[in-house]
Structures are given as structure tokens and as C-alpha cells.
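> Mind having a look at this structure? Questions to follow.
The values are calculated or read from the model by the stated rules, or taken from the named source; none is laboratory data. These figures come from a predicted structure and were not determined experimentally. Quick reminder, even Gly has a Cβ in these numbers, built from the backbone with ideal geometry, and neighbours come from all protein chains shown. Quick note on the areas: whole protein, heavy atoms, side chains included, nothing else; ligands and nucleic acids left out. Shrake-Rupley method; radii C 1.70, N 1.55, O 1.52, S 1.80 Å.
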Amino acid sequence: MAQLSDDCFAHGGALMRLDDALRELSQRLVPIAAIESLPLALCRGRILAAPLAAKVAVPPRDNSAVDGYAVYHDDLSKDGETRLPVIGRAAAGHPFEGPQPRGTAVRMLTGAVMPRGEKEDPDTVMMQEDCTRDGDTVVVRPGIKRGANRRIAGEDLQAGESMLKAGRILGAADLALAAAGGHAMLHVHRPLRVALLSTGDEVHEAGSTLPDGGIYDANRPLLVALLTAAGCKVSDLGIQPDRRDHLAAVFAQAAREHDAVVSSGGVSTGDEDHVKAAIEAHGRLDFWRLAIKPGRPVALGLIGRVPFFGLPGNPVAALLTFCFFARPLLQRLNGALPQAPRSFPVTAGFSYRKKSDRREWVRVSLQDDGNGGWRAEKYAVDGAGVITSVTRTDGLLELPEDLLRLEPGQPVRFYPYETLGL
């Protein structure tokens, strides 16, 4: 397992654009997740730890794409029908054993390998719908192209060709490709083991009796779901009180048993915000001032050698800073090549002003614009603690740093919540 340098999260304090911060941090971080070998059936969603090359060509041999007859194109009449004797049959997994002489046809079923010839090989498959069978002969219509209905050996992959790059998050199609290329086991990163906790004496478990001045903890259920969707194995450490010595002990124990630690709330500099001092009892903490909204400084640090992510306490701010900042860094630590969430352009249905040099995300619902596209309408209440602004909308509009005013009808980029792991 790789080690992180003591200053990997060091920050000078200046306000930074999100892309600049991610680029700088990605250059400093290395994968820390351990590697294991697993059968294909257990690899979906895992991160490939080593590049994968095909052991065999895919397909290994030329084969028939249809049910029909293997013929030599040069044996066919250009102007009229051609009658050929049928000398055998080939099915998938049961090839025609003898060489196929010129002037003959072999009955082919889909997937059957093309017969060998004596000096040259048959090169074309005539679809059965374009033939007429007459006893032991077949009558072939004119007009077919040379090589028709024949799959070429290696047309998908050549033996030794690169199939998948290290760092790829494996999907179902990747596993099919790996199997076709001859791999039964893959080297993958183990899921990053992440300890998650909330802090604050005002925060209480949902379902408990809520005292005066208390709030229920919405962030842990949110972050458990987001971390799991990002491929992490989460240990829920519950709600921890804001006491320095207690938090220092909790963080130290979490670091001994996990690859990373994530918390929400308590990372400000108020009298009752003790996370900073608790982390610094065993390591260091830096605040990254990001030019984003919603959001505020995000705390990054090391507990010993274990990375720590301190997210804002407001649920929407926690969601956004996780999705656009913490998740790509955790993916890097987990061995993945970070993937930007999928987005697409829509048309704004409202006016909006923002500050220069700051990226903002606006919660919106999509409406059919009547012209085959989508119009985005802003949710009326957009505070960083308003969870209904997420549950009652479809996704986020991203307003780039250089945009000062958004007008109705202006194109803008939209992120569906599904692409963010919600």
C-alpha cells in the first residue's frame, strides 16, 4: 500500500478555482487501496489495478454472422444463379472438418467457424434467405459482395491488444470483454475503507427524542449513500460529541482501522468546533478555500498517514463538496481514474446573477421546452440547508466562474442527480 506525503494536502490559503484545486491535489495523491485478485463475477464496480491485454484474438477464427452457406465468391456468377453441391455442415462449436474444395458450398449456422480451403479459404457466406435448397445442392442468387456475412478473426481484438486501462471502474460490458479476451480473474483494488462520522452536540440520531435546540443527522445517511456509490466500504461511526480529547481518540482509532476518514460539521473555528485540534493531535489539517457556492472551506488533512476529509455541516453544501471535490480525490486514492459526472446542455428558464470567478450550482427542475429540448427552472428556496431543494428538483445547473449573469434562453450545463450518485 502506498504512503501519502506529510504535506500532500498543504494549502497556501488563497481562494482557488475548483479545477485548479483538483488538478493540484490529483498530482499529489497516489492510490492507497490494496490489490486483490477476483473472479469476473465479483468484479463489477471494482477498479482495475493493472492494464489488461487480450490473451486471444476476438473472435479467434473467421466465422459466420448468419445462417446460410459458405462459398467462394469467385465461384459465383455475376449475372445469374449459381448451383453448388452442399458437401457438409458447420455449427457453432462444431466446425466442418475437411477442406472445402472450390465449386462447393458448406451449410453454415450462425457462429460456426469458416471452413478451410485447399489453397485458399472460402470467403463469403450467402444468407439462407437468398438461397434455394434443392436436395444436395443450393441455388445462389447473384449480386452478393465478397466477404459478406463473414466475421473476421480479431475484428474486435487482436491477441495482445490492450483491452482495458488500469484505473477503469469495471462495468458489465468490461467483464464481458475480459472474458472474451481469455481472462477469468482480474487484479482489482479493494474498496477503500472509509470511516464516517458526524460531530456536534446539537446533532441527534433520526428516530430519537429530539431535545430543544437539537436537529436530526441528515448528513450520515446522505454520505453513506454517496460513499457507497463511489465504490467505498463505509464504517458508520455515528454521531460524536464536540469534545477535543474524545474526538482525538475516535479519529486515532478510525485511522488505525481504515484507509480514509470523513466527517461533516465542526470544522470551523468557533469555540465548540474541536475537529481541527483533534486532528492536529495526531497529524495536520489544512483548509482549502474553494471558489464555489454552495460550499465553504473544505478541511483536508492526515491522521498519521490516513487522509481526512472534513465536509460542511449543511446537507446541500456537504452533498456538493463531496460530489465535485471529495469524490474525485477518493477515487484517486482508490486507484480509479477520476470520471467527471455526465452532463448535458439545457436552456435556462430564469434570470440569475452571480459573482465573478466563482463556480455555482443551482438546483433546478426540467420542463419540456416544446422544441425537443429542456428548459431549467430554478427552485424557489436555495439555502445550503434546504434538503427539499434537492428532493423536489431534477439536478444542478453549473454556472462557470466567468459567467456573471444568466438570462432566460441561455444555454447552460445540467447535471442529473443520478450521475452524482444520488
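> Only one of these is in contact (Cβ under 8 Å) with a residue 40 or more places away in the chain and either open to solvent by less than 70 Å² (accessible area, probe 1.4 Å) or over 28 Å from the mean Cα position of the chain (by Cα) (or both): R342, R413, R358. Name it.
Testing whether each residue is in contact (Cβ under 8 Å) with a residue 40 or more places away in the chain and either open to solvent by less than 70 Å² (accessible area, probe 1.4 Å) or over 28 Å from the mean Cα position of the chain (by Cα) (or both) leaves just R358.
> May I ask you to list pairs of residues, at least six apart or on different chains, whose Cβ atoms are under 7 Å apart, with the first in region 284-307 being closer than 18 Å to R28 by Cα and the second being hydroxyl-bearing (S, T, Y) and surrounded by 19 or more Cβ atoms within 10 Å (Cβ to Cβ)?
Once the first residue is closer than 18 Å to R28 by Cα and sits in region 284-307, its partners that are hydroxyl-bearing (S, T, Y) and surrounded by 19 or more Cβ atoms within 10 Å (Cβ to Cβ) give V298/T321.
> Moving on. Give the number of residues within region 70-107 that are open to solvent by less than 30 Å² (accessible area, probe 1.4 Å) and more than 17 Å from E120 (Cα to Cα).
Counting residues in region 70-107 that are open to solvent by less than 30 Å² (accessible area, probe 1.4 Å) and more than 17 Å from E120 (Cα to Cα) gives 7.
> If I ask for residues that are free of Cβ contacts under 8 Å to residues at least 24 places away in the same chain and either under 28 Å from D402 (Cβ atoms) or touching a Pro at 6+ places or on another chain (Cβ under 7 Å) (or both), which ones from region 1-27 would you list?
Across region 1-27, the qualifying residues are G12, D19, D20, R23, E24, Q27.
> Given the criteria closer than 12 Å to G68 by Cβ and either touching a Ser or Thr at 6+ places or on another chain (Cβ under 6 Å) or open to solvent by 40 Å² or more (accessible area, probe 1.4 Å) (or both), does M114 qualify?
Values: closer than 12 Å to G68 by Cβ: yes; either touching a Ser or Thr at 6+ places or on another chain (Cβ under 6 Å) or open to solvent by 40 Å² or more (accessible area, probe 1.4 Å) (or both): no.
Considered against the rule, which asks whether it is closer than 12 Å to G68 by Cβ and either touching a Ser or Thr at 6+ places or on another chain (Cβ under 6 Å) or open to solvent by 40 Å² or more (accessible area, probe 1.4 Å) (or both), M114 comes out as no.
> Please tell me if A254 is buried (at least 22 other Cβ atoms within 10 Å of the Cβ) and of a type in the set (G, A, S).
For A254, the condition - buried (at least 22 other Cβ atoms within 10 Å of the Cβ) and of a type in the set (G, A, S) - is met.
> Moving to a separate point now. Quick one: is A299 assigned to a strand (DSSP E or B) and closer than 24 Å to A225 by Cβ?
Yes, satisfied.
> If you go through region 198-246 one residue at a time, how many are aliphatic (A, V, I, L, M), within 30 Å of V188 (Cβ to Cβ) and in contact with a helix residue (DSSP H, G or I) (Cβ under 8 Å, 6 or more places away or on another chain)?
Matching residues across region 198-246 total 7.
> Can you find, within region 279-319, the residue that is most open to solvent (accessible area, probe 1.4 Å) among those that are closer than 22 Å to D245 by Cβ and of a type in the set (A, V, I, L, M)?
A281
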